[in-house]
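Working notes, structure below.
A short reminder: the numbers here are calculations on the coordinates, not readings from a lab. A quick note: this is a predicted structure, and the numbers were derived from the prediction, not measured. Reconstructed Cβ throughout: ideal geometry from the backbone, glycine too, with neighbour counts over all protein chains shown.
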Ligand code: ADP
Ligand code: TRP
């Protein structure tokens, strides 16, 4: 660990295949940060238990997410990669935090509110979600948390918790800051809503050619004819071009929209072609790790050992402070 560098930490839940919203909204940031930060990236398998109830599925999805992390270019020489459940200390810290926060404070959390306003009963795990996330962030002393907009509230709650703990037991944890990429904070799905595993509107990052083609061709547009001028900023296809399509082609496409002459069908075909060019190198990397499970196991072992050493030292301090 480099003492001069700040520490950034983030995670994704292994709740299904990652989509391009996850990639551009979060995962790509991780890759960009690995040279400038001490970076910790993990598989949030404890958090996934709020929705995944099959042991087999959770195990497979957790492993797949590790492959995805490696495929997008996270370098195990630079990043500490681990599974959340390799450090059960986070659940112990969660309990200690639980004894500091109130139910009304947790009732404000979006994930909980969304569920209960829909009339669905939340599990205690879902209710407690932000507290577990706070433990994830503060235990390895993270300064920065790269996340999508929907996660900002959790980082804010983490800061509040840190202040509470520090006020009660003395200066122990740092207040973390979220890092969001404003300009592309929310990536639309094929139906124009926020792309999300739960809405069935995703473009799967590592989908097969056929799956990606199907998703791109199903992106919802208005019914303007190819010859009519169109506003690129209102088009869900163009929103994804902006992420993938290189210049000068992007400007040409924008011009085709504004002046008319470019139809949505052609715009989608170009998007598909560009997507496949973009994903091919990452697919090859993923295949390499798929075929070499021993290497993956070794990477995970090393990640676990490194993070355990960091977290155990901090937890010792916490236990002393709270009197355990
Ligand atoms: P999902 O909504 O598909 O279940 P997650 O909640 O697992 O996605 O999100 C994992 C990460 O990806 C989070 O940091 C989240 O903010 C980011 N993310 C998810 N969907 C999008 C999106 N459509 N646009 C931008 N970022 C996203
Ligand atoms: N809650 C995050 C999500 O749904 C995943 C997560 C768990 C996380 N612990 C974290 C993200 C700590 C950043 C830091 O996307």
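Numerical summary
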| item | result |
| --- | --- |
| Between helix 55-71 and the chain: long-axis angle, C-alpha atoms, 0 to 90°, nearest 10 | 70 |
| Residue among 86, 45, 35 with the largest mean-square fluctuation in a Gaussian network model of the chain, springs linking Cα atoms under 10 Å | 35 |
| Relative contact order (percent, whole number), the chain, Cα cutoff 8 Å, 6+ residue spacing | 21 |
| Ratio Rg/Rh, restricted to the chain and using Cα atoms, in which Rh is the Kirkwood radius | 1.00 |
| Rounded tilt (10° steps) of 249-259 against the dominant C-alpha axis of the chain | 60 |
| Surface/4 estimate of mean projected area, convex hull on alpha-carbon atoms of segment 259-324, nm² | 10.0 |
| Highest-first arrangement of 222-229, 314-321, 46-53, where packing means the average Cβ count within 10 Å | 46-53, 314-321, 222-229 |
| On Cα atoms only, tilt of 264-291 relative to the major axis of the chain in degrees | 40 |
| Computed [θ] at 222 nm, helices only, for the chain once each DSSP H run of length n ≥ 4 contributes -39500 (n - 2.57) | -16500 deg cm²/dmol |
| Compactness index (Cα Rg / 2.2 N^0.38 Å), segment 192-324 | 1.60 |
| Rel. contact order, % - alpha carbon contacts under 8 angstrom, at least six apart, segment 184-259 | 26 |
| Segment 207-285: radius of gyration over Cα atoms, expressed as a fraction of 2.2 N^0.38 Å | 1.10 |
| Ranked by how many other beta carbons lie within 10 Å on average, peptides 88-96, 125-133 from highest | 125-133, 88-96 |
